Amino acid sequence: MTYYFKKNAGQSRQGSGRASSKKKMTPMNYGLFLLGRRDYSVSEIYQKMETHYKNEQESEQIDETIDRLIELGYLDDERYAQGYVRRESGRGQGPGKVRWSLKQKQVQSSIIESAMEDVDWFESCRMALESRIHRFTAQDTNKIYRFLAGRGFSSEHIQDSLSRCHFNDSEIDSE
C-alpha cells in the first residue's frame with residue numbers, strides 16, 4: 001500500500017507548531033495556556049509573560065492580565081504555595097529547602113509559613129530517612145545527617161528521626 005502526502009499539509013503559511021501559535025496569543029490567552037499546564041506563582045507568570053511579550057503595547061497588558069487572572073481565581077499564591085509544599089514534602093524535601101525555593105519564587109513569607117503549618121516535618125524527615133535506610137548502617141550517622149540536612153531538615157528533625165530509626169547492621173554500606 002502506498003501513501004501519498006502533500007508537502008506542508010496542514011501547515012499555515014506563517015509556520016507551524018506551537019511556537020508560532022503561542023506568539024499570536026493575547027496576554028490573557030497566553031496566561032491561561034500557561035496555567036492550564038501547571039500552577040505558577042504571581043512572580044513566575046509575570047516573568048514568563050514579560051519575556052514572551054517584549055513590545056510596549058503588550059507589556060502594558062501584562063499587569064491587567066495578571067490582575068484579571070487573580071480576580072478570576074486562576075492565579076493564587078496561597079494555593080500555589082500549599083501545592084508546592086505538599087508536593088515537595090512528599091518527595092522528601094525538608095522545610096528549609098522548601099522555604100528557600102518558595103522565597104526564590106517570590107512568594108510572601110506569611111503565605112509560605114501558613115502553607116508549611118499543615119505538614120508534619122518530623123514525619124516527613126522519618127519517611128525520607130526510611131526511603132534510604134537500606135544504604136546506611138548504625139555507624140553511618142554522619143552520612144545520614146548530611147543527607148537529611150542537604151534535604152533541608154533541621155537538626156531537631158534529624159535527631160528525632162535517628163532516635164526512631166531501626167538499622168539493619170547486617171547490611172553492607174553501599175557508598
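The values are calculated or read from the model by the stated rules, or taken from the named source; none is laboratory data. Predicted, not measured: the structure shown is a model, and the values here were computed from it. When we count neighbours, we look across all protein chains shown, and the Cβ atoms used for this are built from the backbone with ideal geometry, even at glycine.
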Which residue pairs have Cβ atoms closer than 6 Å, lie 6 or more positions apart in sequence or on different chains, and pair a first residue in region 104-125 that is not assigned by TED's automatic domain parsing to the domain that holds His157 with a second residue that is part of a loop (DSSP other than H, G, I, E, B)? Lys105/Ser41; Val107/Ser41
Give me the residue from region 38-65 that is within 16 Å of Met28 (Cβ to Cβ), buried (at least 19 other Cβ atoms within 10 Å of the Cβ) and of a type outside the set (A, V, I, L, M) and, out of that set, nearest to the chain's Cα centre (by Cα). Tyr40
Scanning region 67-83 for residues that are in contact with a helix residue (DSSP H, G or I) (Cβ under 6 Å, 6 or more places away or on another chain) and assigned to a helix (DSSP H, G or I), which turns out nearest to Pro27 (Cα to Cα)? Leu69
Failed item, numbered, when Gly152 is tested on (1) assigned to a loop (DSSP other than H, G, I, E, B); (2) of a type outside the set (D, E, K, R); (3) assigned by TED's automatic domain parsing to the domain that holds Gln47: (3)
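Can you confirm whether Glu64 is among the acidic types (Asp, Glu) and outside the structural domain of Gln47 (by TED's automatic domain parsing)? Explain how you work it out, then say what you get.
Working: among the acidic types (Asp, Glu): yes; outside the structural domain of Gln47 (by TED's automatic domain parsing): no.
For Glu64, the condition - among the acidic types (Asp, Glu) and outside the structural domain of Gln47 (by TED's automatic domain parsing) - is not met.
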Between a first residue in region 37-52 that is of a type in the set (Gly, Ala, Ser) and a second residue that is modelled with pLDDT of 90 or more and in a helix (DSSP H, G or I), which pairs have beta carbons less than 9 Å apart while being 6 or more apart in sequence or on different chains? Ser41/Asp77; Ser41/Tyr80; Ser41/Ala81; Ser41/Tyr84; Ser41/Leu102; Ser43/Asp77
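Return yes or no: is Ser89 surrounded by fewer than 20 Cβ atoms within 10 Å (Cβ to Cβ), within 19 Å of the chain's Cα centre (by Cα), polar (S, T, N, Q) and modelled with pLDDT of 90 or more? It would help to see each step written out before you state the result.
Working: surrounded by fewer than 20 Cβ atoms within 10 Å (Cβ to Cβ): no; within 19 Å of the chain's Cα centre (by Cα): yes; polar (S, T, N, Q): yes; modelled with pLDDT of 90 or more: yes.
Taking the combined requirement at face value, the residue does not satisfy it.
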For region 9-28: of the residues being assigned to a helix (DSSP H, G or I) and surrounded by 13 or more Cβ atoms within 10 Å (Cβ to Cβ), which is modelled with the highest pLDDT? Met28
If you take the residues of region 126-146 that are hydroxyl-bearing (Ser, Thr, Tyr) and more than 25 Å from the chain's Cα centre (by Cα), which of them is surrounded by the most Cβ atoms within 10 Å (Cβ to Cβ)? Thr137
